[in-house]
Amino acid sequence: CLSFDGLLGVRVSLERRASGRQIWSGQRLLPMRGGPPTESQECLSLVNEVVGSVDQYLYRNSRDVGLDEPDRLYHQAVRDLFSMEPDRIAAADAALDQAIRLSERGLFLALRAQLKTIERVERLGTDTADLIEAAEAYSARALELEPDNSMVAAFLANTAGHLIRDKERSLQLAQRSVDLNPANPMAWWALSSATMYL
């Protein structure tokens, strides 16, 4: 840290101790207004870059660092799902199905609800009623298992707004997602989408 002209210089570096190898580094000049500037846009952006870098590293080295199989399947599903390619969306669905069988987590179920939403938006599912029924079941169970997970709330906000068409519920979930973790870009995306459609 270096402080000058009302700014705080912050540099973050991730290293693997075992090998001494640097995984990632980044830096920002943050405005000082009394206490630590943890809520500034620049700080939140830096935090998100750190989390993204850890995520990428863990996924690429999942075997070496002992990442559990359900988590590895979830990360693969995220990569496949947001490709918007039909074959990869189907692969994401299969990966999430397997992850949920190994470890039923709210996060996995919420992403599966988001997947049903993408199937509807991309017109991959022929029966909208079946997609909605599945998404509602995944959503209910996801909230039961992880009610305080910002990503769960964000995925379910998108599902509520774009598939189930409950715009007020979408806004409520998106706001909860942001309140739970203001550094979550998916939460802000869900909130902007929910606000726009409402």
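Out of all the residues in segment 146-164, which are part of a loop (DSSP other than H, G, I, E, B), more than 16 Å from E136 (Cα to Cα) and open to solvent by less than 40 Å² (accessible area, probe 1.4 Å)? Write out each step before concluding.
Looking only at segment 146-164, we keep the residues that are part of a loop (DSSP other than H, G, I, E, B), and these are 146-149.
Narrowing the set further to residues that are more than 16 Å from E136 (Cα to Cα) leaves 148-149.
Passing the criteria: only N149.
Tell me, please, whether a residue that is surrounded by 24 or more Cβ atoms within 10 Å (Cβ to Cβ) and closer than 25 Å to V51 by Cβ can be found in segment 127-138.
Kept after step one, since they are surrounded by 24 or more Cβ atoms within 10 Å (Cβ to Cβ), are these residues of segment 127-138: 135, 138.
Of the ones still in play, those that are also closer than 25 Å to V51 by Cβ are 138.
Yes, segment 127-138 contains at least one residue that is surrounded by 24 or more Cβ atoms within 10 Å (Cβ to Cβ) and closer than 25 Å to V51 by Cβ.
Taken over segment 103-121, residues that are open to solvent by 50 Å² or more (accessible area, probe 1.4 Å), basic (K, R) and part of a helix (DSSP H, G or I) amount to 1.
Within segment 68-102, the only residue that satisfies the criterion of being open to solvent by less than 40 Å² (accessible area, probe 1.4 Å) and not in a helix (DSSP H, G or I) is S83. Scan segment 165-198 for residues that are part of a helix (DSSP H, G or I), open to solvent by less than 80 Å² (accessible area, probe 1.4 Å) and more than 24 Å from C43 (Cα to Cα) and the total you get is 5. Those residues that are polar (S, T, N, Q), under 14 Å from S53 (Cα atoms) and free of Cβ contacts under 8 Å to residues at least 12 places away in the same chain, I need them from segment 6-28; list them, please. Scanning segment 6-28 gives a single hit, Q22.
Can L143 be described as closer than 25 Å to Q172 by Cα, open to solvent by 10 Å² or more (accessible area, probe 1.4 Å) and not basic (K, R)? I'd like the intermediate steps shown before the answer.
Values: closer than 25 Å to Q172 by Cα: yes; open to solvent by 10 Å² or more (accessible area, probe 1.4 Å): yes; not basic (K, R): yes.
Yes.
For segment 102-125, the criterion of being closer than 21 Å to E85 by Cβ and without any contact (Cβ under 8 Å) to a residue 12 or more places away in the chain is met by at least one residue.
Within segment 49-66, restricting attention to residues that are modelled with pLDDT under 65 and part of a helix (DSSP H, G or I), the residue that is surrounded by the fewest Cβ atoms within 10 Å (Cβ to Cβ) is R63.
The values are calculated or read from the model by the stated rules, or taken from the named source; none is laboratory data. Predicted model, so just to flag it, every value in this text is computed and none were measured. Cβ: placed from backbone, ideal geometry, glycine included. Neighbour counts: every protein chain shown. Accessible surface is based on the protein model in full, side chains and every heavy atom, while ligands, DNA and RNA are left aside. Shrake-Rupley method; radii C 1.70, N 1.55, O 1.52, S 1.80 Å.
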